[in-house]
Amino acid sequence: MKKATVLRIALLAACLVALETACRLGYVSQLTIVPPSEMATGLVAALGEPETRTEVITTLTGIACAALASVSAGFLLGCLLRAWPRARAALDPLLATYYSVPTFIFYPMFIVFFGMNRIPIVVIGFMFAFIAMMTSTMNGLDRVPAVLFRTARMHRMGAAATIFRIVLPAAAPHLFTGVKLAIAYSFVGVLGAEFILSGSGVGYQIAFAFNGFDNQRMYALILLVVVVVSSVNAVLLGWERRLQRRISR
């Protein structure tokens, strides 16, 4: 294990011990935050309930759908705009200000289009995420060195071979960054929409526990979100490092 990893684990453990001690000794009111040990026991208890497991599956399914749709659509739209400079120039001001508009305001319109179901929540997650993938795709394609295209022409490579053996490997770091951002924004969009607008899902359960002053359950579910997001980030980081090693060979 690397030294930096050991230091991160030690720092995290020290913070957890300090928070546990502060809560147990009364320096921090349990009306504000509960000890980490109670968060863990609350999480185990919550996951033992069939209803909670159903809510977790519902949320993760929505996040997965939003992430897959945003990565696919963002990649395709990024490629199209990269190949169509005039459209890209026309959309640049919109892309620059996209995240200044709160996506949640479109929820009533999505209900009209899709009905009172989970689809509007997934669409909000998609809208949060696909722009990040699209801009990363365009940036990655912009940074493919021109010399690689000349090399492909010298070797008389066809269009498909140039794309899969030259363009995509060269743009892979930026594309992977887009994938990571799209997944992160899918989490934010879906959980945020559940917290504010929905009547189901982990985000709704957190909001319900918050409004009912059930701190142990609220922090248990927040801990669940932190664990899931951290695990996904760790997996993506491992894939990214392996990809970088393969490209650098």
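Considering only residues that are of a type in the set (A, V, I, L, M, F, W, C) and more than 27 Å from R241 (Cβ to Cβ), look in the stretch 145-160 and name the one that is nearest to the chain's Cα centre (by Cα).
Kept after step one, since they are of a type in the set (A, V, I, L, M, F, W, C), are these residues of the stretch 145-160: 146-149, 152, 154, 157, 159-160.
Restricting the remaining residues to those that are more than 27 Å from R241 (Cβ to Cβ) gives 146, 149, 152, 154, 157, 159-160.
Numbers: A146: 32, F149: 33, A152: 35, M154: 41, M157: 36, A159: 33, A160: 31 Å.
Ranking the candidates gives A160 first.
Could you pull out the residue among I124, I105 that is within 30 Å of T59 (Cβ to Cβ) and modelled with pLDDT of 90 or more? Don't jump to the end; show me each part of the working.
Working: I105 fails: modelled with pLDDT of 90 or more.
I124 is the lone residue from the list that is within 30 Å of T59 (Cβ to Cβ) and modelled with pLDDT of 90 or more.
Given (1) on the phi > 0 side of the Ramachandran plot; (2) modelled with pLDDT of 90 or more; (3) not basic (K, R), identify the lone condition not met by G26.
Going through the list (1) on the phi > 0 side of the Ramachandran plot; (2) modelled with pLDDT of 90 or more; (3) not basic (K, R), G26 breaks only (2).
For a quick check of your reading of the model, give me the residue pairs whose first member lies in the stretch 99-114 and is assigned by TED's automatic domain parsing to the domain that holds S186, whose second is not hydrophobic (A, V, I, L, M, F, W, C), with beta-carbon atoms closer than 7 Å and at least 6 apart or on different chains.
Qualifying pairs under 7 Å: T103/G189; Y107/P120; F110/P120; I111/P120; F114/P120.
If a residue must be surrounded by 18 or more Cβ atoms within 10 Å (Cβ to Cβ) and on the phi > 0 side of the Ramachandran plot, how many such residues does the stretch 191-225 contain?
The number of residues fulfilling the criteria is 1.
S72 - would you say it is in the same structural domain as L175 (by TED's automatic domain parsing) and among the polar types (S, T, N, Q)?
yes
Residues to consider are T137, T177, T151, T162; find the one that is in a helix (DSSP H, G or I) and either modelled with pLDDT of 90 or more or hydrophobic (A, V, I, L, M, F, W, C) (or both).
The conditions single out T137.
Could you identify the single residue in G199, G189 that is touching a Ser or Thr at 6+ places or on another chain (Cβ under 8 Å) and either outside any helix (DSSP H, G or I) or assigned by TED's automatic domain parsing to the domain that holds W239 (or both)? Spell out the reasoning first.
Working: G199 fails: touching a Ser or Thr at 6+ places or on another chain (Cβ under 8 Å).
Matching residue, one of G199, G189: G189.
Which residue pairs have Cβ atoms closer than 6 Å, lie 6 or more positions apart in sequence or on different chains, and pair a first residue in the stretch 160-184 that is of a type in the set (S, T, Y) with a second residue that is surrounded by fewer than 20 Cβ atoms within 10 Å (Cβ to Cβ) and part of a helix (DSSP H, G or I)?
T162/A152
The values are calculated or read from the model by the stated rules, or taken from the named source; none is laboratory data. What you see is a predicted model; the values in this text were computed from it and never measured. Note that each Cβ is placed from the backbone with ideal geometry, even for glycine, and that neighbours are counted across all protein chains shown.
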